[in-house]
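To start, the structure itself, in structure tokens.
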Amino acid sequence: MSPSLQPEQKVRIANAFSKAAKAYDQIARLQKSVVKHVCKLAKQSLSDNSSQPLRILDLGCGTADLATQLEQEISCFDYVGVDIAPGMLEVAKSKMTTKGYQRDFVLADIENLPELGQFDLIISSLAIQWCDIKLVFSQFEKHLKKNGCFVLSTLLDGTLAELNQTWLKLDETRHINQFLAEDTLRHKLQAISSLTSNVLSCVEELSYPNVLSIMHELKGIGANEVVNSDKQRKLTKAVLRQLEELYPTCNNEKVVSWHIAYIKGQLKNI
Ligand SMILES: C[S@@+](CC[C@H](N)C(=O)[O-])C[C@H]1O[C@@H](n2cnc3c(N)ncnc32)[C@H](O)[C@@H]1O
């Protein structure tokens, strides 16, 4: 979604995610499957023979689902989760306390991290699409140890394309966030001279009984805030009826595509 958002837009995003935090874990099915894959890639990236506790930084940690997954894979690590939404951090802290884990959480913006020390691994799942990629990776030089690595996931152009095309039949206002095209993401990463990285992409399709359930899910996970858009049309019953009619139906279901990029890499040894 780069470039960087205005402060008031960041506040709106933080508020939407804070509001969604309590129900997030019950609703976020796509996000949970992406977290599992990030966790698998992170495990592969770490050297097995490290005897020290690993330091792991999770950017846009949300309810700390990645930390929960990592507990099952890695025996000994220090974890710092960063998020811009206070509500998400409250849920994350209480989840970890219930499980008896001591983990650190910091309210901060990924694009402008405070002093947190250096880490063996930086992870992030479905958070950096709200950020300027260049600013995100500029943080890595300061926060990654010499042989440290990173594994991130983000959304690409094509995500929610069916919903976008359906809205376009009704009006010209943008109702869906714009995400980077895969080629643009690759070029932006190649332009960062301090890193080596590679990108894997895939498309996940989720089915819903109707458009209303798609809208509920987007709101329920806090992803309903559309940035850089003019005043949006209200989702009245009449608008919803039109969207239901216009949205393509396949075997009585409404399909939503999520285009996901997984980015793995490390700092160059210069
Ligand atoms: C879709 S959720 C993903 C949460 C978690 N990583 C997961 O996969 O379950 C996106 C998270 O990114 C956070 N976020 C968005 N922009 C951010 C920013 N600039 N700095 C820190 N966190 C941010 C949101 O508050 C939200 O918790």
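Values in this text are rule-based calculations from the coordinates and carry no lab data. All values reported here derive from a predicted model rather than from experimental measurement. Cβ atoms come from the backbone with ideal geometry, glycine included; neighbour counts cover every protein chain shown.
Here are a few things to note about the model shown:
- What separates the Cα centres of the range 182-202 and the range 100-134 is a distance of 19 Å.
- Cut-off 12 Å between beta-carbons: net charge of the residues surrounding Ile263, Lys and Arg +1, Asp and Glu -1: +2
- Of the cross-linked pairs Lys36/Lys264; Lys145/Lys264; Lys169/Lys254; Lys40/Lys145; Lys43/Lys134, those separated by over 18 Å at the C-alpha level are Lys40/Lys145; Lys43/Lys134.
- Summary of packing: across the peptides 88-95, 183-190, the per-residue average of other C-beta atoms within 10 Å ranks them, highest first, as 88-95, 183-190.
- For the range 59-103, the list of chymotrypsin sites (Phe, Trp or Tyr not before Pro) that fall in a loop by DSSP and count at most 16 other C-beta atoms within 10 angstrom reads Tyr101.
- Neighbourhood charge, 12 Å Cβ-Cβ cut-off, centred on Asn147 and excluding it, Lys, Arg +1 and Asp, Glu -1: +2
- The H on the amide N of Leu5, modeled in the peptide plane, is under 5 Å from the matching H of Asp132, each at least 5 residues off or on a different chain.
- ³J(HN,Hα) computed for each position of the range 124-132 - Karplus, 6.51 cos²θ - 1.76 cosθ + 1.60, integer Hz, glycine/proline x: 6, 10, 6, 10, 6, 5, 8, 10, 7
- Per-residue 3J(HN,Hα) values for the range 163-168, derived from phi via the Karplus relation 6.51 cos²θ - 1.76 cosθ + 1.60 with θ = phi - 60°, read 5, 4, 5, 5, 4, 4 Hz in sequence order (x marks Gly and Pro).
- Amide hydrogen neighbours beyond the local backbone of Asp78, cut-off 5 Å, H modeled: Leu54, Arg55, Ile56
- Within the range 159-227: Cβ-based charge dipole about Cα centre, in debye rounded to nearest 20 (Lys, Arg +1; Asp, Glu -1): 180
- In this structure, the amide hydrogen of Leu126, modeled 1.01 Å from its nitrogen in the peptide plane, lies closer than 5 angstrom to those of Ser153, Thr154, counting only residues at least 5 positions away or on a different chain.
- Antiparallel beta bridges, as assigned by DSSP with both residues in the chain, represent about 55 percent of the total such bridges.
- Modelled label positions at Ser33 and Thr236, each set 7 Å beyond Cα in the direction of Cβ, lie 3.7 nm from each other.
- Charge dipole of the chain (Cα centre as origin; +1 on each Lys and Arg Cβ, -1 on each Asp and Glu Cβ, all else neutral): 220 debye, rounded to the nearest 20.
- Ranking Tyr262, Ser18, Pro209 by how far each Cα lies toward the positive end of the dipole of the chain (charges on Cβ) leaves Ser18 at the top.
- Calculated from backbone phi, Karplus (6.51, -1.76, 1.60) coupling profile of the range 180-194 in Hz, x at Gly/Pro: 5, 6, 4, 4, 5, 4, 4, 5, 4, 5, 4, 6, 8, 6, 7
- In the range 18-131, a dipole from Cβ-located charges (positive for Lys and Arg, negative for Asp and Glu) runs towards its positive end, and of Thr68, Gln102, Phe119 it is Thr68 whose Cα lies farthest in that direction.
- Between helix 7-27 and the chain: long-axis angle, C-alpha atoms, 0 to 90°, nearest 10: 90
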